[in-house]
Structure formats: structure tokens, C-alpha cells
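Let me begin by presenting the structure, written as C-alpha cells, before commenting on it.
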Amino acid sequence: MTQQRVAIVTGAARGIGAATVKRLAADGYAVAVLDLDADATAETVATVEKSGGRALGVGVDVADSPSVEAAVARVAADLGEPVVLVNNAGIVRDNLLFKMTDEDWDSVLAVHLRGSFLMSRAAQRYMSAAKWGRIVNISSTSALGNRGQANYAAAKAGLQGFTKTLAIELGPFGVTVNAVAPGFIVTDMTASVAARVGVDFEAMQAADAANNPVRRVGQPEDVAHAVLRPFVAGPADRPGNEDVRQTGCTCSACGPLAPWVISKLTRWFSSRLRYPLDWIAEWWTNTSGPPPSGVMNPKPFSALNHLTVPCTTASSPWKHTGPTTMSIPGRCGSIQDRRP
């Protein structure tokens, strides 16, 4: 009998982390539910166990090296050696630059960036030994800049560079490293932001939905789907799960306007330049140079692409159905490996 694979999710007591835990468990993984307060993980653990899965709640301060080492060692001893890690833990300390304190800056970078570094360093040894592993970092569309979030934007942008670098270092050991960058998602964190700025949370959601092509806001389950399908590859025992080659990618999930705009531009370029739709979509995700003339087939995804919308689908090797945007809230599950 094949040994059950083990996954770790940080910041997993609620929101995106809890949704990711449930999705991993449903796909056959044993899941370690890590959060700052071990007691806060009880509800998520109970939900997994009620559904017949295996889960373990562990308290950890991801910004503290001894705490991280102890937590990962406990997971390995009590649940099994981890081969999947989702770095989701995060906090916000929003303020304009002239009001932002040293502590505001340091605490946000400590949890998001240092925490992902410490967790990845501790978990990768098990993945490298197994010659198989998946690390997914939760970045944000705010990595491109957002007023009042200099600390948060810097941390999330740093995660994208961190992701690409780990992809280079760990790829030879069978470990892929990718990032998902959600936009607005309905969580306790976004609710707290609304409360802080004095905006009704329901009104905030309505405004986001109105500017959204699918006319609804993102939910934690949407991000969990974007984490699992392209980057962890779904069920632990699914045939072909070993051969996922996307690595060093950042999958933007939930940008409200960019998917629609890029989809329109893709079709415009295709009609004017007479390049295949699937090649134009590929070019958006790998703009390393101008398009050569007479391209007959797009090349496979290479490592270190910055994978933003639009994603492309592959119904069979070298046959593509054209570009599909990750229309909000970020259904990224259509990304598949392309085999030459």
C-alpha cells in the first residue's frame, strides 16, 4: 500500500489556509494544520477528521526558527514526513509610509517572508530526500503595489523572487516551487481591513463584485483550487502526478480587470499579427524576446515563467484550445503540463 503523502499548511486555522487544508484532505493528503495558536486549529482539524481524513494541529511562530524546526519535526514524527508545503501565514499592519512604524514593517516581513523562508528550509530536506515535493507560496496582487501597504507589498513581492530562486535550487531534486497571488478574497483579514478604514465589509464586497467580470468576489475555496490543481496536481494518488513541470511560476488569481483586458489584447494581436491564439497566450507568460516569424507550435512551459493571466489549456499534447483567462476569482485549474 502506498504511504499517504503529508502536507503542511501555515496560517491554516481559518480563511484561505483552512480551505486549502480541506481541499488537500479531500484529495487524499494527511494535513498538518499550523497556526500561531494551536487551539485555533481545532475546528479545521475536526472538519478533516469528520470527513475521514487525517490532520494534526500544531502551534508555531513561523518567524521563529526554533519554533519552526520543532513544529516540522513534530509533523514528521506524528503524521509523516512532509512533501507538500503551502506558505500561507500572514498578517497586515497597513499604514501610509510616514505613519508606518518600525514594528509595522518588521512584523509583516517577518511573518510573510522570513516565515516562508524558515518553513521552506525546514520542509525541503524531507522533499529532497523523497525526490518529490511541492512548495506553494501565497503571494498577492498587492505585490505590484497598493497604497498604505508598503510593508505588505514588499513582503509579497519578495515571495515571488523567493519562489523563483527556490525553483532553481530545488528543481534538480524533484521539488517544484510556485506562488499564487490572490486579489480580494473574503476572509477575516480583509474584513479587518474594511473595519480599520471604516468601510462596510458588505459594501466593499459589492464594489469588488461590480468591477469583476464574473460579478462575484473571491472565496478562500477559489484560492485553494488555484493552489491544488496546477501546482500540487490534485489527488495524491492520481496517475501522472509525478510529472508536473511548472515551477518558478506566479499564478495571479483574482485581478479584477487584467484577465479581461489581456484576453481582449490576445485576440487583437492574433487577428492583426496572424499568430495562433495559443502562441500569443504563451508569449504573454514568457516575454523573454520578440515573437519569431512562422511559429507553428508554442514551446512547452519552461521553468521560471511569471505565469499571469491568461492561462492556456492543453486538451492533448500540442493541441491547445486557446487562451482562457483566470476570470475572477482565479480558477487556475486549467493550467496543465505540456509535454513535447
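The values are calculated or read from the model by the stated rules, or taken from the named source; none is laboratory data. Please read all numbers here as calculations on a predicted model, not as lab measurements. With ideal geometry, Cβ positions are generated from the backbone for all residues, glycine too; neighbour counts draw on all protein chains shown.
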Next item on the list: Could you tell me which residue of the stretch 171-216 is nearest to Asp94 (Cα to Cα), considering only residues that are charged (D, E, K, R) and outside any helix (DSSP H, G or I)?
Entry: Asp200
Note to self: Condition first: part of a loop (DSSP other than H, G, I, E, B), at pLDDT below 75 and in the same structural domain as Leu170 (by TED's automatic domain parsing). Can you find one or more residues in the stretch 225-234 that meet it?
What the structure shows: yes
Next item on the list: Could you check, for the stretch 64-71, whether at least one of its residues is over 16 Å from Ile138 (Cβ atoms) and crowded, with 20+ Cβ neighbours inside 10 Å?
Entry: yes
Checklist line | Verdict on Asp35 being acidic (Asp, Glu) and either surrounded by fewer than 24 Cβ atoms within 10 Å (Cβ to Cβ) or not assigned by TED's automatic domain parsing to the domain that holds Ser116 (or both) | finding: no
Notebook entry, point to check: Say we look at the stretch 172-193 and pick out the residues that are within 27 Å of Phe117 (Cα to Cα) and out of contact with any strand residue (DSSP E or B) (no Cβ under 8 Å at 6 or more places or on another chain); which of these is modelled with the lowest pLDDT?
Noted result: Val193
Notebook entry, point to check: Here are some residues: Ala110, Ala77, Ala123, Ala73. Which one is at pLDDT 95 or above and touching a Gly at 6+ places or on another chain (Cβ under 8 Å)?
Noted result: Ala123
Check: How many residues are out of contact with any Phe, Trp or Tyr (no Cβ under 8 Å at 6 or more places or on another chain), at pLDDT below 85 and not β-branched (Val, Ile, Thr) if we restrict to the stretch 205-214?
Finding: 5
Next item on the list: Could you tell me which numbered condition Arg196 fails, if it satisfies all but one of (1) over 15 Å from the mean Cα position of the chain (by Cα); (2) in the same structural domain as Asn87 (by TED's automatic domain parsing); (3) modelled with pLDDT under 95; (4) not hydrophobic (A, V, I, L, M, F, W, C)?
Entry: (2)
Check: Tell me, which residue of the stretch 38-60 that is surrounded by fewer than 18 Cβ atoms within 10 Å (Cβ to Cβ) and among the hydroxyl-bearing types (Ser, Thr, Tyr) is nearest to His112 (Cα to Cα)?
Finding: Thr47
Note to self: I'd like to check which helices (runs of 4 or more DSSP H) are fully inside the stretch 51-170 and have at least 2 residues that are farther than 28 Å from Tyr29 by Cα.
What the structure shows: 102-109, 150-170
Note to self: Go through (1) farther than 22 Å from Gly17 by Cα; (2) of a type in the set (Lys, Arg); (3) touching a residue at least 60 places away in the same chain (Cβ under 8 Å) for Arg134 and report which single condition fails.
What the structure shows: (1)
Checklist line | Residues satisfying the stated conditions in the stretch 26-39, i.e. under 14 Å from Pro82 (Cβ atoms) and of a type in the set (A, V, I, L, M, F, W, C) | finding: Ala30, Val31, Ala32, Val33, Leu34
